[in-house]
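Student: Okay, here's the structure, questions in a sec.
The values are calculated or read from the model by the stated rules, or taken from the named source; none is laboratory data. Every value quoted in this text rests on a predicted model; they were computed, and no experiment measured them. Every residue, glycine among them, receives a Cβ derived from its backbone with ideal geometry; neighbour counts consider all protein chains shown. Keep in mind that these areas ignore ligands, DNA and RNA; they rest on the heavy atoms of the full protein, side chains included. Shrake-Rupley method; radii C 1.70, N 1.55, O 1.52, S 1.80 Å.
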Amino acid sequence: MDSSLLAVLRYLGRNYPPEYDHAALRGFPLLWAVLTDLIAISCTPMRFIRDHDPDAILFASDSHKTREIRTFITGILGSARFDTISYDKRTPLLSFLFGQLFLKRRLGKVLRNYSWIRRRYTARIGRDFLKFFLYEAVAERRFAERPPAAMAIVSDLGARRIAFARAARKFGAPVIYYQYWQHHSFRPPFPVDYAICINNLLADRLKASYGSIIVNRHVYGGKAEDLSFRTVPDSPVIGITTNVYPDSEGLNRLLAGVQRVLRPARVLYKPHPRNTDSEIQDIQCEIFDRTAGIEEFAQRIDLCISGNTTAILKVLLEGTPCLYLFGLDAYSYDRYGYVGEQAVIGGESLEQFTLKDINTFYSKSGSLEQVQAYMERNMIIDGDKDETPRFIDDMQTRLGSR
């Protein structure tokens, strides 16, 4: 079994680890698991690459994350050209059959590998793992004809992004890996030529593994003592943020508690950019513009109450105090370790805290040092690692010669 495919297994499904303590699947349960996964992928719509500009830095999709990468690269490389892969119509049932045609003689090997993994691990690998093989085969077919100038991949990895990165590099296109946020410090399961990083954790790993050229995405450029927080006033303007899976019932319970305990002047909920109107229509407070930057949101509020979202750190960098509460969205308690590492005050219930508690936490020297230390650990790249000029020269040469 190719070790890189085990890495794919580890990182698919938003980093859920395999459940090693469960008994291995054998016999009929194994056959049933493989069969249900095959049915799932057969009935799941898949998009097949139709076209892209081979003279541009290429993205797998157009999203708020890829738009952020474009903005960053444009800021340091004004002449950059970008394109997004376009796709043929989705074909739910036949997509799996077409995928088999693309895979050709690899199909038997794929199924052997897949059943080998299924027998040993009960992770969330079903349709995503099979999708990886299909996407990689289709991408290889297209990139063999017209490899892009470069492939930019955001670190929030999924089957399609992993497959496209591996296929692009196989045909000579360098991979630009963009660390979207601080907890994406794991080594990706494909070689990285250029890494746009925000901390030493990832920069060191990519340097050691792939010899990657590091670009410093300055998120927190100051010294520890530069970070400070404003005081939360009586009757504050309160903002609420969650990840892309808000729990409207939990949020509405929180809103009732906020009115009772904190008596705010105003409450704003900032949806995740991927949320739709139908997903947030039951939330009973004022809705902030989902397309606005989290920095703009942080500047408009006095206190941010947050769930399991990476937006917390962006709010903190604006000097706005945060309170983490469990139960506002999907995922387990303190998913990103903010409370455990003392970067944020938080718990399971609003009633545990008063405004005085929050203001004390963000003004007391000991607490402030813990927050500052967290930022330095997770948001800093040493100056000797920054190779941005080399990235600019290489990209200008590559884009200019095509």
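Student: Rg and Dmax of the stretch 224-383 over Cα atoms: what are they, in angstrom?
Tutor: Cα-based Rg and Dmax for the stretch 224-383 come out at 14.8, 49 Å.
Student: In the calculated pair distance distribution of the stretch 237-308, what percentage of Cα-Cα distances lie above 15 Å?
Tutor: 48 percent
Student: While we're looking at this one, here's another question. Roughly what angle does helix 94-103 make with the longest principal axis of the chain, taking Cα atoms, 0 to 90 degrees, to the nearest 10?
Tutor: Between helix and principal axis, roughly 60 degrees.
Student: Under the 0.36 nm per residue contour assumption, what length would be gained going from the current alpha-carbon distance of S86 and E68 to full extension?
Tutor: In short, 4.6 nm is gained.
Student: List the aspartates and glutamates whose Cα sits under 15 Å from the Cα of K109, skipping any in the same chain fewer than 8 residues away.
Tutor: Candidates past the 8-residue exclusion: D2, E136.
Student: Okay, moving on. Can you tell me the dipole magnitude for the stretch 138-248 around its Cα centre, using point charges on the Cβ only (Lys, Arg +1; Asp, Glu -1), in Debye to the nearest 20?
Tutor: Rounded to the nearest 20 debye, it is 660 debye.
Student: Place a +1 charge on the Cβ of each Lys and Arg in the chain and a -1 charge on the Cβ of each Asp and Glu, then give the dipole magnitude about the Cα centre in debye, rounded to the nearest 20.
Tutor: Rounded to the nearest 20 debye, it is 1980 debye.
Student: Another question, if that's okay. Which lysines does K270 reach when only Cα atoms under 21 Å apart count, and residues fewer than 8 places away in its own chain are ignored?
Tutor: K65, K314
Student: Using θ = phi - 60° and the Karplus relation 6.51 cos²θ - 1.76 cosθ + 1.60, list the HN-Hα couplings for the stretch 161-177 in order, rounded to whole Hz, with x at every Gly or Pro.
Tutor: Rounded to whole hertz, the list is 5, 4, 4, 5, 5, 5, 5, 4, 5, 4, 10, x, 8, x, 9, 9, 9.
Student: Hey, another quick one. Quick check on packing: order 352-362, 295-305, 237-247 by the mean number of other C-beta atoms within 10 Å, highest mean leading.
Tutor: Ranked by mean Cβ neighbours within 10 Å, highest first: 237-247, 295-305, 352-362.
Student: Now for a different question. Measure of size requested: the Rg and Dmax of the chain, with Cα atoms as the atom set and Å as the unit; please supply both.
Tutor: Using the Cα atoms of the chain, the pair Rg, Dmax is 23.0, 69 Å.
Student: Any idea what Rg and Dmax come out to for the stretch 130-267 if you just take the C-alpha atoms, in Å?
Tutor: Gyration radius and largest Cα-Cα distance of the stretch 130-267: 21.5, 64 Å.
Student: What is the ratio of the Cα radius of gyration of the stretch 291-365 to 2.2 N^0.38 Å, with N the residue count, to two decimals?
Tutor: Here the Cα radius of gyration is 1.05 times the empirical estimate.
Student: Around L323, which amide H atoms from residues at least 5 apart in sequence, or from another chain, sit under 5 Å from its own amide H, with H modelled in the peptide plane?
Tutor: C304, I305, S306
Student: At 222 nm, what helix-only mean residue ellipticity would the chain give, in deg cm²/dmol to the nearest 500, using -39500 (n - 2.57) for each DSSP H run of four or more?
Tutor: Per the formula, -13500 deg cm²/dmol.
Student: Can you give the Rg to Rh ratio of the stretch 28-73, both from alpha-carbon atoms, with Rh computed by the Kirkwood formula?
Tutor: A ratio of 1.26.
Student: Could you check how many percent of all C-alpha pairs in the stretch 317-402 are farther apart than 23 Å?
Tutor: When all Cα pairs of the stretch 317-402 are counted, 45 percent exceed 23 Å.
Student: A further question on this structure: Give me the accessible area of R142, 1.4 Å probe, in Å² rounded to the nearest 10.
Tutor: Spelled out: R142, probe radius 1.4 Å, area about 60 Å².
Student: Give me, ordered by chain and number, the residues 5 or more places off S155 or on other chains with an amide H under 5 Å from its own placed amide H.
Tutor: Y178, Y180
Student: Rolling a 1.4 angstrom probe over the protein chains, ignoring ligands and nucleic acids, what is the accessible area of Y87 in square angstrom, nearest 10?
Tutor: 30 Å²
Student: Search the structure for amide H atoms under 5 Å from the amide H of G293, placed 1.01 Å from N in the peptide plane, and list their residues when 5 or more places away or on another chain.
Tutor: Hits under the 5 Å cutoff: none.
Student: Next up: Using a 1.4 angstrom probe and counting only protein chains, how large is the accessible area of C43 in Å², to 10?
Tutor: Probe radius 1.4 Å; accessible area of C43 about 80 Å².
Student: Roughly how far apart, in whole Å, are the Cα centres of the stretch 340-375 and the stretch 258-296?
Tutor: If you average the Cα positions of each part, the centres end up 23 Å apart.
Student: Size of the dipole of the stretch 294-402 about the Cα centre, Lys and Arg at +1 and Asp and Glu at -1 on the beta carbon, nothing else charged, in debye to 20?
Tutor: Dipole magnitude for the stretch 294-402 comes out near 180 debye.
Student: Residue by residue through the stretch 49-62, which ³J(HN,Hα) values in whole Hz follow from phi under the Karplus form 6.51 cos²θ - 1.76 cosθ + 1.60 (θ = phi - 60°), with glycine and proline marked x?
Tutor: After applying 6.51 cos²θ - 1.76 cosθ + 1.60, I find 4, 9, 7, 6, 7, x, 9, 10, 6, 9, 10, 6, 7, 9 Hz.
Student: Name the residue farthest towards the positive end of the dipole of the chain from the options T309, S235, V192, assuming +1 on Cβ of Lys and Arg, -1 on Cβ of Asp and Glu, about the Cα centre.
Tutor: It is V192, whose Cα lies furthest towards the positive end.
Student: Whole-Hz Karplus ³J(HN,Hα) for the stretch 69-86, in order, using 6.51 cos²θ - 1.76 cosθ + 1.60 and θ = phi - 60°, x for Gly and Pro?
Tutor: Residue by residue, the stretch 69-86 yields 5, 4, 4, 5, 5, 4, x, 10, 9, x, 8, 5, 10, 10, 8, 10, 4, 9 Hz.
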